[in-house]
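Encoded as structure tokens, the structure appears first; notes follow it.
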Amino acid sequence: MKARVHVMLKDGVLDPQGEAVKHALHGMGFDGVDGVRQGKVIELDLEDGTGEDAVREMCEKLLANTVIESYSIEMA
Amino acid sequence: MKAAVIVFPGSNCDRDLAEGFRKAGLDVQMVWHKDTALPSGIDIVGIPGGFSFGDYLRCGAIAANSPICNEVKTHAERGGYAFGVCNGFQVLTETKILPGALLRNAGLKYICRTVGLNVAESQSVFTRGYEAGETIRIPIAHHDGNYTADAATLDQLEAEDRVAFRYTDNPNGSDRDIAGILSSNRRVLGMMPHPERACDPAQGNEDGARLFAHLTAALAEA
């Protein structure tokens, strides 16, 4: 079982790295980009019996800082 | 008076912080992150600057979940004193001992220089050696010092007079120029600037020495 956790800065939290990537894209001529947000993907290999609830607890306790970040979990 | 300084893999200001405490007359014991208890009879816990665990995941996130940090949390919840500098401030926010978070600097660059700080309050054991409104000069050295919190939290910090220091010329994009904040009981201070790097004539700046000297005196009275 695998889980894929996406962690993004919350809407409204300034993402200076995303802004820098946007500026670089504009500099390269990709004018069609209105905004860039940069996040992380964390892949977990899970033992049998470790389910989404456990992954959610991992997100709350370590993988995301919910003061500034939101997360979503994909189980596969 | 005794201080414990926590050492994580990647801490690099631990000895500077210990020296700041020692010069002010505190006995210092270094405590490894895997330890499961703080030394008995300590008066304050220092969480030093550096790059604990390589800043992997988020600055301070892995350190905040190390065994010793459970003890630091318990110590703070019991009303114990704690002082986090730079990465130590990041650890204090990651443990939720202090509110908010430290984001990447708005200009994306690592900044290492001396900056002006306005002493925003002088009612804590950490700041009572300064006059409120006084400007001091303290070095910063960080890549992720951009303090952020939601508006309600920022309003609360200001209403409760818990902003200890503000940048006179905001170098990193911090909300409301915040450089350091206090816990609600005013016994925990987290700040990005490094007062332990401004404690000795050899460092070219002694504006930080008053913080340690008055802290020690206050702990002796407490």
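The values are calculated or read from the model by the stated rules, or taken from the named source; none is laboratory data. No experiment lies behind these values; they were computed from the predicted model shown. A quick note on method: Cβ atoms are made from the backbone with ideal geometry, for glycine too, and the neighbour counts reach across all protein chains shown. Remember, those area values only see protein heavy atoms, side chains included, never the ligands or the DNA or RNA. Shrake-Rupley method; radii C 1.70, N 1.55, O 1.52, S 1.80 Å.
Could you run through the range A:45-73 and say how many residues are under 22 Å from B:TYR56 (Cα atoms) and open to solvent by 30 Å² or more (accessible area, probe 1.4 Å)? Within the range A:45-73, residues that are under 22 Å from B:TYR56 (Cα atoms) and open to solvent by 30 Å² or more (accessible area, probe 1.4 Å) number 14. Looking across the range B:3-26, the residues that are open to solvent by 70 Å² or more (accessible area, probe 1.4 Å) and of a type in the set (D, E, K, R) come down to B:ARG15, B:GLU19, B:ARG22, B:LYS23.
Is the range A:12-27 home to any residue that is away from chain B (no Cβ under 14 Å), open to solvent by 60 Å² or more (accessible area, probe 1.4 Å) and of a type outside the set (A, V, I, L, M, F, W, C)? Walk me through it before giving the result.
Of the range A:12-27, the ones away from chain B (no Cβ under 14 Å) are A:25-27.
Pick out the ones that are also open to solvent by 60 Å² or more (accessible area, probe 1.4 Å) and you get A:26-27.
After this cut, where a residue has to be of a type outside the set (A, V, I, L, M, F, W, C) as well, the list is A:26-27.
Yes, because at least one residue in the range A:12-27 is away from chain B (no Cβ under 14 Å), open to solvent by 60 Å² or more (accessible area, probe 1.4 Å) and of a type outside the set (A, V, I, L, M, F, W, C).
Based on what the data block shows, is B:GLY54 closer than 26 Å to A:VAL41 by Cα, of a type outside the set (S, T, N, Q) and more than 14 Å from chain A (Cβ to nearest Cβ)? Spelling it out, B:GLY54 is indeed closer than 26 Å to A:VAL41 by Cα, of a type outside the set (S, T, N, Q) and more than 14 Å from chain A (Cβ to nearest Cβ).
Consider the range B:138-171 and keep the residues that are assigned to a loop (DSSP other than H, G, I, E, B) and surrounded by 19 or more Cβ atoms within 10 Å (Cβ to Cβ). The one that is farthest from the other protein chains (Cβ to nearest Cβ) is B:ARG162. Of all residues in the range B:27-56 being among the hydroxyl-bearing types (Ser, Thr, Tyr) and farther than 22 Å from B:HIS142 by Cα, which is surrounded by the most Cβ atoms within 10 Å (Cβ to Cβ)? Only one residue tops the list, namely B:THR36.
Of all residues in the range B:57-69, those that are open to solvent by 50 Å² or more (accessible area, probe 1.4 Å) and touching a helix residue (DSSP H, G or I) at 6+ places or on another chain (Cβ under 6 Å) total 2.
Scanning the range B:80-136 for residues that are within 16 Å of the chain's Cα centre (by Cα) and open to solvent by 50 Å² or more (accessible area, probe 1.4 Å), we see that the one that is nearest to the other protein chains (Cβ to nearest Cβ) is B:LYS96.
Taking the criterion of being of a type in the set (Lys, Arg), open to solvent by 10 Å² or more (accessible area, probe 1.4 Å), within 14 Å of chain A (Cβ to nearest Cβ) and touching a residue at least 24 places away in the same chain (Cβ under 8 Å), would at least one residue in the range B:70-78 satisfy it? Among the residues of the range B:70-78, at least one is of a type in the set (Lys, Arg), open to solvent by 10 Å² or more (accessible area, probe 1.4 Å), within 14 Å of chain A (Cβ to nearest Cβ) and touching a residue at least 24 places away in the same chain (Cβ under 8 Å), which makes the answer yes.
Selection of the range B:1-34 for residues being in a loop (DSSP other than H, G, I, E, B) and at pLDDT 95 or above yields B:PHE8, B:PRO9, B:GLY10, B:ASN12, B:CYS13, B:ALA24, B:GLY25, B:LEU26, B:HIS33, B:LYS34.
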